[in-house]
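Take a look at the structure set out below.
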Amino acid sequence: MIEVKGLKKHFELRNGFFGGKTRTLKAVDGVSLSIGKGETFSLVGESGCGKTTAARTIARIYEPTEGAVIYGGADISRLGRKELLPYRKRMQMIFQDPYASLDPRMTVGEIVGEALDIHALRRGKDREDRIRELVSLVGLKSDHVGRYPHEFSGGQRQRVGIARALAVEPEFVICDEPISALDVSIQAQIINMLEELQEKFRLTYLFVSHDLSMVRHISRDVGVMYLGNLVEVAGVDELFSGMRHPYTKALLSAAPIADPRRAREASRIALSGDVPSPLDPPSGCPFRTRCAMAKGICAESKPELKAVAEGHLAACHFAG
Amino acid sequence: MIAIAIACEPKLVIADEPTTALDVTIQAQILDLLRGLKDKLETSIVLISHDLGVIASMCSRVFIMYGGRVVESGLVDEIFYEASHPYAWGLLGSIPEPGEGRRRKLVPIPGSPPDLMAPPAGCAFAARCAKAMRVCAREQPPVTRLSATHRAECWLLDPRVAKRPSAEEAGL
């Protein structure tokens, strides 16, 4: 349903006041993935790995530097504003911070209604009915329509954000860390709701998260990002049980297990050092500076993301 | 930060959500550091956290707080495998099953925490509790001793309640 090919997003940073040399920050440096209808694909990785930038570039919030986003048969990465509008309706986004992503001066009704107005979908009473329908769809009460975001808890605000995203009946929803800012018990409410909505409307999700246990719970496929690159992609069970890339192994082993007996038995692969700067990435494999397996070839050539098993891709010279 | 905290070789370190904003690999480094303090310097640690994974892998004893009270306390295994308070069941049910196995549906706790400016008369959790009885809204439940190390504050544990539901019946 959606196919991303070789997507790159580079930011030009100018040094000094008079322009001078520009440096290139390669936030996303060649990401390819495809998501089928009604499926959930998760992008995981640590802060600064480019997962949010990748998601936003797919949604055309950022202009891609290179690559293609094929959606409904068209490459939407090159469309102009006007041509893009119908695709914007089919593709919506839920943001991480329900405090920052809702206008504090607008009521819930206005926030949800705005999405309807932009796409000129409903008018008058029909519009009011639709707003109430959406508000109850996300588990809020109809008298919440006239309230402002500050009157709600974090979980309720995230529900408003979801109602806004669903207002235009999208097919594809990008969820950027939708539960990171919420309490544990509230996270489960939101995840269950996203799952129910997916079933009800056959929604396709691109889920961006660093919460590996939730990713395991919700995803069909998972892509692991490191320093702007996708280093491994596989079905969720395959990835969690048979990961091939050394970074994936380290990342998954670092996640604490909420089960004391298993936690006592678990062994962890420690990673030394920090993530290199994306302004000055290492030659060859982006992970080689922290990889215990790194050999000469890793500095010389960048490993391609290639199939290591059916439906399982990894970008490592030794992952075969 | 940690260096400042341990500069004068304290006997006790209070770590308030020490890894909440961190990535998992960095979190693992910080937790290793704390474990090192505990093992090498015999420092005691009070860890304040909402991350059940961090708690399971770091703690020997756990206190679960709700509405300003400790509603259940025990050894880490007692809390994770023999939880007795409905709020503890709620927390454990809210997270995905660790490790392998088919994904079960998450069981969230309905509603949101009470307003402590106007605390409820009885048990603070009663309004969100699926097992709440009439007494729960009226009176604060007493502390029940479940073992030498395990305690909980819940009316369900009162001997007058006919049958105490097990953790399995609670859907865990």
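Brief remarks follow.
- Only lysines eight or more places from A:K125 in sequence, or on another chain, were considered; those with a Cα closer than 26 Å are A:K89, A:K141, A:K200.
- Three-way shape call for segment A:200-306 based on the alpha-carbon gyration tensor, with the a/c threshold at 1.5: oblate
- Amide H contacts for A:M93 (H built 1.01 Å from N in the peptide plane; partners 5 or more residues away or on another chain; cut-off under 5 Å): A:I174.
- Amide H contacts for B:T144 (H built 1.01 Å from N in the peptide plane; partners 5 or more residues away or on another chain; cut-off under 5 Å): B:A152, B:E153, B:C154.
- Contact surface A-B: accessible area buried, both sides summed, square angstrom, 1.4 angstrom probe: 3200 Å²
- Karplus 3J(HN,Hα) series, Hz, for segment B:11-28 with 6.51 cos²θ - 1.76 cosθ + 1.60 (x for Gly, Pro): 7, 9, 10, 9, 10, 8, 6, x, 10, 4, 8, 9, 6, 4, 5, 6, 4, 4
- GNM top mover of A:G124, A:G45, A:G73 - chain A, alpha-carbon springs below 10 Å: A:G124
- Pairs from the table (A:K51/B:K105; A:K249/A:K302; A:K37/A:K82; A:K5/A:K37; A:K249/B:K105; A:K5/A:K51) lying more than 21 angstrom apart at Cα are A:K51/B:K105; A:K37/A:K82; A:K249/B:K105.
- Distance between modelled label sites at A:E3 and A:A270, nm, 7 Å Cα→Cβ extension: 4.6 nm
- Amide proton proximity set for B:T43, modelled H, under 5 Å, gap of 5+: B:K38
- An oblate overall shape is assigned to segment A:247-320, the ratio a/c of its alpha-carbon gyration tensor axes (a ≥ b ≥ c) being 1.5 or greater and a/b not exceeding b/c.
- Evaluating kT/(6 pi eta Rh) at 25 °C and 0.890 mPa s, with the Kirkwood radius of the protein assembly as shown over Cα pairs in the Stokes-Einstein relation, gives 99 µm² s⁻¹.
- Rounded to the nearest whole Hz, the Karplus-based 3J(HN,Hα) values (6.51 cos²θ - 1.76 cosθ + 1.60, θ = phi - 60°) of segment B:126-132 follow the sequence 3, 5, 10, 8, 5, 9, 5, with x at glycine and proline.
- Available extension along the chain between B:Q140 and B:A118 is 6.4 nm, counting 0.36 nm per residue and deducting the alpha carbon span.
- Cβ-derived FRET efficiency at R0 22 Å, A:D237 paired with A:R262, nearest 0.05: 0.80
- Sorting B:E82, B:E42 by solvent-accessible area of protein heavy atoms yields B:E42, B:E82, largest first, with a 1.4 Å probe.
- Environment charge at A:A55 (Cβ cut-off 12 Å; Lys +1, Arg +1, Asp -1, Glu -1): +2
- Computed FRET value (nearest 0.05) for B:S44 with A:K82, which takes r as the C-beta separation and R₀ as 60 Å: 0.40
- Backbone N under 13 Å from the B:D16 label point (7 Å along Cα→Cβ), restricted to segment B:32-63: B:47-49
- Eligible aspartates and glutamates near A:K9 by straight Cα distance, threshold 18 Å, same-chain separation 8 or greater: A:D29, A:E46, A:E63, A:E66, A:D75, A:D176, A:D280
- A simple rule links phi to the HN-Hα coupling: the Karplus curve 6.51 cos²θ - 1.76 cosθ + 1.60 with θ = phi - 60°, which for segment B:111-117 gives x, 9, x, x, 7, 6, 6 Hz, with x for Gly and Pro.
- Using the Cβ-Cβ distance between A:H119 and A:A292 with R0 set to 45 Å, the FRET efficiency works out to roughly 0.30.
- Summed over the residues of chain A and divided among them, the accessible surface reaches 45 Å² per residue at a probe radius of 1.4 Å.
- Excluding exposed DSSP-loop trypsin sites (Lys or Arg not before Pro) (at most 10 other C-beta within 10 Å), longest clean stretch of chain B: B:12-101
The values are calculated or read from the model by the stated rules, or taken from the named source; none is laboratory data. Just so it is clear, the structure is predicted and the values come from calculations on it, not from any experiment. Here Cβ is always computed from backbone atoms with ideal geometry, including for glycine, and neighbour counts include all displayed protein chains. Keep in mind that these areas ignore ligands, DNA and RNA; they rest on the heavy atoms of the full protein, side chains included. Shrake-Rupley method; radii C 1.70, N 1.55, O 1.52, S 1.80 Å.
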